[in-house]
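Visitor: Here you go, one structure.
The values are calculated or read from the model by the stated rules, or taken from the named source; none is laboratory data. The model shown is predicted, which means the values in this text are computed figures rather than measured ones. Glycine gets a Cβ as well: all are built from the backbone with ideal geometry, and neighbour counts include every protein chain shown.
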Amino acid sequence: MSSNTSARIRQLQEELNFPSAAKLRSALAKEGIHAREKDIREQLTSAQGNRQVLQPPPKYEGNVTSQRMDQRWAADVISFVSDPAKDGTKTYKYVLLAQDIFSRKLWAEAMTELQETTSAFASILRRSSPRKPGQLNTDKDSSFMSREFQAMLEERGIEHRTKEGANDIATIDAAIREVRQVLGRRTLREGAGNWFQELEAAISGFNRTDHGALKQQGGDGGKAPGEVADDVHLRFQLRRDNAEEAMENADLINKRADRLREAGGFRTLLQPMSFRRRAGRPNWSEKIHTVREVVGGKVIDTDGKEHQTKLVLPVKTDSVSASFAQVREGSAQIDNQRRAAMLNFVAKLKTELGKPASKKLPTTTASRIMNDDANFRRKLREQRMTFLQFVKLFPRDFLIRRRTDNKTVIALADADRNLQRLRRLPGTTDPPSGEFIRLRRASS
């Protein structure tokens, strides 16, 4: 490609608002300039930093697999704080749900408080015996990351894997939606009990109902999760299907690794995969990380930091940098609007942080407490915010402390009292000057 053609490509791409390579090739042809789409794309890859950061987030293309029964379980907590159920002297507000990914079978245990998560899972293991998972997949909520829960898993020889991608525990997320719907239908019947009184029947019905993931080839219907253990032919078919899906996952990992090695650099995702994105706002980082090595599904940059290959955007290291200056300039007004909309919820979080039992309140725990309020969840959705962005909107009220285990703790911004409080937290160290963060204004 001649230097004149390259110069015209750069000029025309700006004139046409940074179009795709195909559209740019068409525009060049109208001027009598003929260039291969491949050559144009290669030039754009390194030249259009602003187009790179606006690219959509990655689509989930993999499969949630398990090679045999009880190889992998998933677990999560359903919150009923806004709809507690009384039974005798107890008031239940949560349900711990566990699922064998291979068979989709569910177990459930109601809880009055999140602190019962360890004993609730131990109860599930007693009822499922002799079945137990080789690996348990959960999110990073403090209920699952506590020393008590970790010790219980270690004692039983269960490996713990935490959620990183948006669909890592997709099967349990789907099961939670189904259980909620079932409980809703059951409690609306005439003479029905509350959700706690209907929970056992709801889980039993789920395990006895045909599941879409358990269809047999050549058959009209499927199988229920509770039937998998006694069906040798179905288990053989499921192992074969899961093996094929695992090979597809491995192929995707290899292709992502090849693209990263070829590009030599990558941008990182700015927001969680579940976050609803605003059109025209960057999805990918300004900074371009340089690839040091790719190992399996992880890419390690030259700073030694690991990233999931499925959550990065491969780019050439000589790509033109993208500036978020205009985005930042426009964010002040959005922040003010968000601050006004969320102001009423500040007092609730301050109250929670002021409780003696909340001296160490991890971000995930604080988020779960606040999201138990339906109005708070609705406002977050309306403002297109995450919980952490809400906290960052009020730096005069809240501080965030990063512990030595890389987890964060939220505290009140009463510096003298809270600094003394946080110095006593296990696993924390005194921050260097400026690190006891008065967080920067939330990014939109």
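Visitor: Scan the stretch 357-366 and tell me whether some residue there is touching a Phe, Trp or Tyr at 6+ places or on another chain (Cβ under 6 Å) and in contact (Cβ under 8 Å) with a residue 12 or more places away in the chain. First the steps, then the outcome.
Guide: Let us first name the residues in the stretch 357-366 that are touching a Phe, Trp or Tyr at 6+ places or on another chain (Cβ under 6 Å), namely none.
So far as the stretch 357-366 goes, no, none of its residues is touching a Phe, Trp or Tyr at 6+ places or on another chain (Cβ under 6 Å) and in contact (Cβ under 8 Å) with a residue 12 or more places away in the chain.
Visitor: Can you confirm whether the stretch 365-387 contains a residue that is at pLDDT below 80 and within 18 Å of M145 (Cβ to Cβ)?
Guide: No.
Visitor: Do you know which residues across the stretch 367-379 are within 24 Å of T117 (Cβ to Cβ) and without any contact (Cβ under 8 Å) to a residue 12 or more places away in the chain? Walk me through it before giving the result.
Guide: Taking the stretch 367-379 first, the residues within 24 Å of T117 (Cβ to Cβ) are 367-374, 376-377.
Matches in the stretch 367-379: R377 only.
Visitor: Out of the residues in the stretch 300-320 meeting the condition of being of a type in the set (A, V, I, L, M, F, W, C) and more than 14 Å from L252 (Cβ to Cβ), tell me which one is surrounded by the most Cβ atoms within 10 Å (Cβ to Cβ). Even if it seems obvious, please write down each step before you answer.
Guide: The first filter runs over the stretch 300-320 and keeps only residues of a type in the set (A, V, I, L, M, F, W, C), leaving 300, 311-313, 315, 320.
Now drop any that are not more than 14 Å from L252 (Cβ to Cβ), which leaves 300, 313, 315, 320.
Values: I300: 15, L313: 22, V315: 24, V320: 15.
Checking each candidate, the answer is V315.
Visitor: Ok, one more. Checking G304 against (1) in a loop (DSSP other than H, G, I, E, B); (2) at pLDDT below 85; (3) of a type in the set (G, A, S): exactly one of these is not met. Which one?
Guide: (2) is the only condition that G304 fails.
Visitor: Then there's this: Which of the residues that make up the stretch 69-111 are acidic (D, E), out of contact with any helix residue (DSSP H, G or I) (no Cβ under 6 Å at 6 or more places or on another chain) and surrounded by 15 or more Cβ atoms within 10 Å (Cβ to Cβ)?
Guide: D70, D100
Visitor: Any residue at all in the stretch 235-251 that's assigned to a helix (DSSP H, G or I) and at pLDDT 80 or above? Full working, then the answer.
Guide: Here is the first cut: in the stretch 235-251, the residues assigned to a helix (DSSP H, G or I) are 235-251.
The next check asks that each one be at pLDDT 80 or above; those that pass are 251.
Yes - at least one qualifying residue is present in the stretch 235-251.
Visitor: Given the condition closer than 18 Å to L313 by Cβ, out of contact with any Cys (no Cβ under 7 Å at 6 or more places or on another chain) and either assigned to a loop (DSSP other than H, G, I, E, B) or at pLDDT below 85 (or both), answer yes or no: does some residue in the stretch 83-96 qualify? Before the answer, list the steps.
Guide: Step one: list which residues in the stretch 83-96 are closer than 18 Å to L313 by Cβ, which gives none.
No, that holds for no residue.
Residue-by-condition table, conditions (1) modelled with pLDDT of 90 or more; (2) basic (K, R); (3) not in a loop (DSSP other than H, G, I, E, B):
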| residue | (1), (2), (3) |
| --- | --- |
| I33 | no, no, no |
| E42 | no, no, yes |
| T45 | no, no, yes |
| N50 | no, no, yes |
| D76 | yes, no, yes |
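Visitor: Related question: Can you pull out every residue in the stretch 114-160 that is among the basic types (K, R) and either at pLDDT 90 or above or touching a Pro at 6+ places or on another chain (Cβ under 8 Å) (or both)?
Guide: From the stretch 114-160, those among the basic types (K, R) are 126-127, 131-132, 140, 147, 156; that's our starting set.
R126, R127, R131, K132, R156 - these are the residues of the stretch 114-160 that are among the basic types (K, R) and either at pLDDT 90 or above or touching a Pro at 6+ places or on another chain (Cβ under 8 Å) (or both).
Visitor: Continuing with this model, one more query. Looking only at the stretch 159-179, decide whether some residue is of a type outside the set (A, V, I, L, M), assigned to a helix (DSSP H, G or I) and exposed (fewer than 14 other Cβ atoms within 10 Å of the Cβ).
Guide: Step one: of the stretch 159-179, the residues of a type outside the set (A, V, I, L, M) are 159-165, 167-168, 171, 173, 177-178.
Still in the list and also assigned to a helix (DSSP H, G or I): 171, 173, 177-178.
Okay, now just the ones that are also exposed (fewer than 14 other Cβ atoms within 10 Å of the Cβ), so 177.
For the stretch 159-179, residues of a type outside the set (A, V, I, L, M), assigned to a helix (DSSP H, G or I) and exposed (fewer than 14 other Cβ atoms within 10 Å of the Cβ): present.
Visitor: Right, something else. Go through the stretch 97-144 and give me each residue that's under 20 Å from the mean Cα position of the chain (by Cα), closer than 26 Å to Q67 by Cα and not in a loop (DSSP other than H, G, I, E, B).
Guide: Hits for the stretch 97-144 are L97, A98, Q99, Q135, L136, N137, T138, F144.
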